[in-house]
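The structure appears below as C-alpha cells.
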C-alpha cells in the first residue's frame, strides 16, 4: 500500500507572500477555492474568501462580523491563483506586505436532503475528495439537524461561520469529542455543551449541528458556511499533543514535512497560532500570525519543521506549557515518504 496518494501537496495547498498593491497572484499550481489572507506588517483583520460565497465576499477569522462585500479586495479565483483589487488593506494595500494561504476544492456539490435521504438540511458547495476538503453552504432551521459534507470519509476538523449575523466562529476537532468546541475568533479554552454538535460525531456522509451557543451554527433562516477537512495520509493531519514546558520541546509526528501548522491551546486561554514554510524558509520557525486577532506578524522562537513532523523549541504556555493540551492542524510541504518510496529531506 502506498504511503501517500498525494506526492505533490502544492497541487492542493500553497502559501503565497506578496507586496501590497499587487493585483495578480499567479504562482499557484491550482485554482483555489478558499483563500485566507493577512497583512503582515501592521494591524488589519484577516480576510477569508471562497468560491462558494463568491470572490468579493469576505469574513474575518478574528471577529464575529457577518459576511461583507468588498469590491476592492479579492475579485476572482483564477486557474493559477487569484486576482486582487489592490485597494483593500484587508488583503492588498500598497506599501504593506501580505501572506495568503490557499486551498483547492473544485468539484461542485449539491445535496437535496429530502431526495437523497442524506442529512436533514439541504447543502451545496465545492469538494475535493482527493485532498479531503469541502466548502459547504447551508441555511439553519433552529432545530437539531444533519448536513451532507461530500467528503465520503469522516471529517476530523471543521469550521462554521454565520454569514447573516454577527456570531462566533465554531470549530469541531475530533480529539476534543462531540460535546466540545473552540471559537476561532477568541482566545477562550475549550468549551463544552452537548447541543452544539447535538452530542453526535460526524460520519462519512454528514456532520451534526444543534441549537446552542447563540445561533452560531443553526439559527432559523440564517445562512452559514462550513469548511470541512478529512485527514489524508502524507498530506494533512488534525491532532493533539501535550506540552512539556521545555525548549527541547514536544515532538509531534505528522507523517510529512509541514508547510503550514495552526496551533491552539485547549486547556486554557491562548491565541490561535499560524506558522508556514514561506514566511520562514529555515528553522527555527519564528514568524507568528494569530488567527484570533488583527495584530501584525511577530517574531518568536517557536518550533522546527522536520521531515516527519514538528518539534517545539519554546516553553511558552501558549504552545508548549508543561502538561497543557493543544490541538493542531497541519498541511504538507512533502510527504515523509512518497508513493514511489522517495523520502522527504530535512530543512
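Throughout, read-outs are computed from the coordinates displayed, never taken from laboratory work. These numbers come from a predicted model, not from an experiment. Glycine gets a Cβ as well: all are built from the backbone with ideal geometry, and neighbour counts include every protein chain shown.
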Projected onto their principal axes, the Cα atoms of segment 167-305 stretch, largest extent first, over whole-Å spans of 48, 33, 27
In the Gaussian network model of the chain, springs joining C-alpha atoms below 10 Å, which of 112, 222, 276 carries the largest mean-square fluctuation?
-> 112
Convex hull around the C-alpha positions of segment 107-229: the volume in Å³ per residue is 92 Å³
May I ask you to give the average projected area over all directions of the convex hull of the Cα atoms of segment 237-335, in nm² rounded to one decimal?
-> 5.4 nm²
Gap separating the Cα centres of segment 161-239 and segment 124-148, nearest whole Å = 11 Å
If contacts are Cα pairs under 8 angstrom and at least 6 residues apart, what is the relative contact order of the chain in percent?
-> 18 percent
Over segment 107-229, relative contact order from alpha-carbon pairs under 8 Å, at least 6 apart, % | 31 percent
Label model pair residue 94, residue 19: point-to-point distance (7 angstrom along the Cα→beta-carbon line) in nm is 1.2 nm
Rg over Rh [alpha-carbon atoms, Kirkwood Rh] for segment 232-274 | 0.96
Two-decimal ratio, segment 9-103, of alpha-carbon radius of gyration to 2.2 N^0.38 Å = 0.96
Highest-fluctuation residue, 69, 139, 250 considered, GNM on the chain with Cα pairs under 10 Å | 69
What helix-only [θ] at 222 nm does the chain give? Using -39500 (n - 2.57) per DSSP H run of at least 4, over all residues, to the nearest 500, the answer is -500 deg cm²/dmol
Förster-model FRET efficiency, 22 Å R0, residue 115 and residue 164, C-beta, rounded to 0.05 = 0.30
extent check for the chain: Cα max minus min per principal axis, descending, whole Å, gives 51, 44, 42
Which residue, 73, 108, 307, tops the fluctuation ranking in a GNM of the chain built on C-alpha contacts under 10 Å?
-> 108
